[in-house]
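Here's the structure, in structure tokens; my notes come after.
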Amino acid sequence: MPMQLAKAKIVVLEGGNPGEVDVLFNPSEYSLEIANNYSQSSPPGLSNPILQFVNGQAQTLAMDLYFDTYTDGGGADVSLLTGRFADMLKIDGHLHAPPRVEFRWGVLAFKAVIEKLSQRFTMFLSDGTPVRATLNVSFKQYKTITEQLSDPRRNSADKTKRRVLTADGSIWLLANQEYGDPRHWRSIARANGVGDPLRIAPGTPLVVPPLEDPAKGPRP
């Protein structure tokens, strides 16, 4: 039994005109871009600058969407369809910002705002009515402060945790995973009364304590 073709759509989550807007043709491809911001300093005598992580940037989803009302739409004005997407960039009176949307296609669900959109009309009737168009759409990922603070990847060494040492693990690897620096293995060893880190058996539960001051590094 053939699988049903999943249709791409944009769902207005908040603001604007609520509901779903179907994409006439599924995109042939899309691109996902993510980046980080770094500051750099250039101490004298070094061949490369020192990079310091500042923050992450919102992920961007970009694609081309195709619209054709000449073949199956009876020659209707295609801008009536593309205009529904352009309306999603207008400022909502309640949000005082453009509406928040989600692009859905199969397993992809991307919550965002539409950052920019360009409409290119490529076919016209004799009276000038546009009947074919390509939209280049760029979505900027949107996350509330609550969603970002609850992101499990933001977990840091500020709370006591419990981990089980795996067969291919070590106390140094655990320190690197939890603290970002294998030199902090002594903090774990002290919290668990470990005298010889080489004799920890796989499957041993270990307490991972918070660092008193991670910026100062491990105590001797």
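The values are calculated or read from the model by the stated rules, or taken from the named source; none is laboratory data. These numbers were taken from a predicted model, which means no experiment stands behind them. Note: ideal-geometry Cβ built from the backbone for every residue, glycine included; neighbour counts use all protein chains shown.
Summary of values
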| item | result |
| --- | --- |
| Residue identified as over 26 Å from residue 115 (Cβ atoms) and in the same structural domain as residue 125 (by TED's automatic domain parsing) among 61, 51 | 51 |
| Strands (runs of 3 or more DSSP E) enclosed by the stretch 102-178 - at least 1 residues per element that are modelled with pLDDT of 85 or more and within 15 Å of the chain's Cα centre (by Cα) | 108-124, 130-141 |
| Among (1) under 20 Å from the mean Cα position of the chain (by Cα); (2) crowded, with 16+ Cβ neighbours inside 10 Å, the one test that residue 37 misses | (2) |
| The stretch 179-210 - residue that is over 33 Å from the mean Cα position of the chain (by Cα) and farther than 18 Å from residue 166 by Cα and, of those, surrounded by the most Cβ atoms within 10 Å (Cβ to Cβ) | 187 |
| Criterion (under 16 Å from residue 117 (Cβ atoms), surrounded by 12 or more Cβ atoms within 10 Å (Cβ to Cβ) and among the acidic types (Asp, Glu)) met by exactly one of 87, 68 | 87 |
| Residue 76 being of a type in the set (Gly, Ala, Ser), assigned to a strand (DSSP E or B) and closer than 21 Å to residue 7 by Cβ | no |
| Residue in the stretch 7-30 that is of a type in the set (Asp, Glu) and either touching a helix residue (DSSP H, G or I) at 6+ places or on another chain (Cβ under 7 Å) or more than 30 Å from residue 94 (Cα to Cα) (or both) present | yes |
| Members of the stretch 55-73 that are modelled with pLDDT under 80 and outside any loop (DSSP other than H, G, I, E, B) | none |
| Identity of the residue in the stretch 31-64, without any contact (Cβ under 8 Å) to a residue 24 or more places away in the chain and out of contact with any strand residue (DSSP E or B) (no Cβ under 7 Å at 6 or more places or on another chain), that ends up nearest to residue 10 (Cα to Cα) | 35 |
